[in-house]
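Worksheet: the structure to be examined is printed underneath.
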Amino acid sequence: MIIVADSGSTKCDWAIVENDGYIISVFSTIGFNPYFHSKEFILKELHLNRGHFPPLKRVEKVFFYGAGASASHLNKVLNEALSYFFPQAKVEVDHDLVGAAYATYDGKPAISCILGTGSNSCFFDGKKIHEEVPSLAYILGDEGSGSYFGRALLRDYFYKRLPKEIVDPFVKEFEPSKDKVIHSVYKEAHANVYLASYMNFISTFKEHPHIKKMIEKGLNEFIDIHIKCFKNYQDVPVHFVGSVGYFCEDILRKVAKENKFTIGKIEKKPIDGLIEYHLKYKLD
């Protein structure tokens, strides 16, 4: 029995799979990001969700792909927690970008992008992941992500740049105050998740000219930095995973056409593709 997991900063999707490919269950927990979560916190949350997992001694392999797991010392936090929780399993932890590449792989080289709470990109040649520019997270980077757009929405609201037809429902739903927002962003944990939580509201108004322009601007910024950095970006498919790419697919396809590259897959969640990839390539 194997477990495949894909974790962003907001949510982690888990799949319990028999070696013959039978999927026992798929479920979600909070996301685990070692930038914000200690080994102790991760273990506590795993134990709170113990009922979702099979008998732990039956688990032979755990493949975990997570936001923040690119550096070895951060990878270690996740590896130690998972190895303790699954005592009989061989645990492999890697970056969520690797998970995105595996989840969208269809046998051909391609660029794979994450557009969720955060954003990132890589080129996967079928054997090796190639990165050209780093992800700088939600303060310095995360162009085109949920946290990026949440920040843009809040800025426009407080700077009085939002049209009234957006302001009224925004105020009704969130009752925003400067002090509340400043506290959530600068004092509370997981500011990136907080900012990205406004993405549902944004997607509701994505056809409004003001919001559409905001989304196009953010996606074009992502493309300029994270896709055009690959010299072959017009020669290979460009895949996307994450809720922002999924819910803004029509706008994403528009800017892709304007930038003259071909979109491959657009997946809301990588977990289904990850299951398929591991059954095909990782169980030998």
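Do you know which residues across region 56-97 are within 20 Å of the chain's Cα centre (by Cα) and either part of a loop (DSSP other than H, G, I, E, B) or among the β-branched types (Val, Ile, Thr) (or both)? Of everything in region 56-97, those that are within 20 Å of the chain's Cα centre (by Cα) and either part of a loop (DSSP other than H, G, I, E, B) or among the β-branched types (Val, Ile, Thr) (or both) turn out to be Val62, Ala67, Gly68, Ala69, Ser70, Ala71, Val77, Val93. Are there any pairs with C-beta distances below 7 angstrom linking a residue in region 221-245 that is farther than 21 Å from Ala196 by Cβ to a residue that is acidic (Asp, Glu) and open to solvent by 20 Å² or more (accessible area, probe 1.4 Å), with the two at least 6 apart or on different chains, and if so which? Listed pairs, sorted by first residue: Cys229/Glu132; Phe230/Glu132.
Restricting attention to region 99-108, the residues that are over 24 Å from Gly141 (Cα atoms) and either touching a residue at least 60 places away in the same chain (Cβ under 8 Å) or surrounded by 14 or more Cβ atoms within 10 Å (Cβ to Cβ) (or both) total 3.
For region 123-176, the set of residues classified as farther than 20 Å from Gly8 by Cα, part of a helix (DSSP H, G or I) and among the aliphatic types (A, V, I, L, M) consists of Ala152, Leu153, Leu154, Ile166, Val167, Val171, listed by residue number.
Looking only at region 66-98, which residues are open to solvent by 10 Å² or more (accessible area, probe 1.4 Å) and aromatic (Phe, Trp, Tyr)? Correct list: Tyr84 only.
Could you check region 168-185 and list, in sequence order, the residues that are open to solvent by 100 Å² or more (accessible area, probe 1.4 Å) and farther than 15 Å from Asp156 by Cβ? Even if it seems obvious, please write down each step before you answer.
Of region 168-185, the ones open to solvent by 100 Å² or more (accessible area, probe 1.4 Å) are 172-173, 175, 178-180.
The answer is Lys172, Glu173, Glu175, Asp179, Lys180.
Give the residues of region 226-261 that are open to solvent by 10 Å² or more (accessible area, probe 1.4 Å), touching a strand residue (DSSP E or B) at 6+ places or on another chain (Cβ under 7 Å) and in a helix (DSSP H, G or I), sorted by residue number. Correct list: Tyr246, Glu249, Arg253. Scanning region 137-167 for residues that are among the β-branched types (Val, Ile, Thr), open to solvent by less than 100 Å² (accessible area, probe 1.4 Å) and either closer than 28 Å to Ile225 by Cβ or touching a His at 6+ places or on another chain (Cβ under 6 Å) (or both) returns a single hit, Ile166.
Here the condition is being charged (D, E, K, R), surrounded by 14 or more Cβ atoms within 10 Å (Cβ to Cβ) and without any contact (Cβ under 8 Å) to a residue 24 or more places away in the chain; of Lys11, Lys44, Lys61, it holds for Lys11 alone.
Taking the numbered list (1) open to solvent by 10 Å² or more (accessible area, probe 1.4 Å); (2) of a type in the set (Val, Ile, Thr); (3) under 28 Å from Lys61 (Cα atoms) in turn, Ile271 passes all entries but (1).
The values are calculated or read from the model by the stated rules, or taken from the named source; none is laboratory data. As the structure is a prediction and not an experimental result, all values here were calculated from the model. With ideal geometry, Cβ positions are generated from the backbone for all residues, glycine too; neighbour counts draw on all protein chains shown. All accessible areas refer to the heavy atoms of the entire protein, side chains included, with ligands and DNA or RNA removed. Shrake-Rupley method; radii C 1.70, N 1.55, O 1.52, S 1.80 Å.
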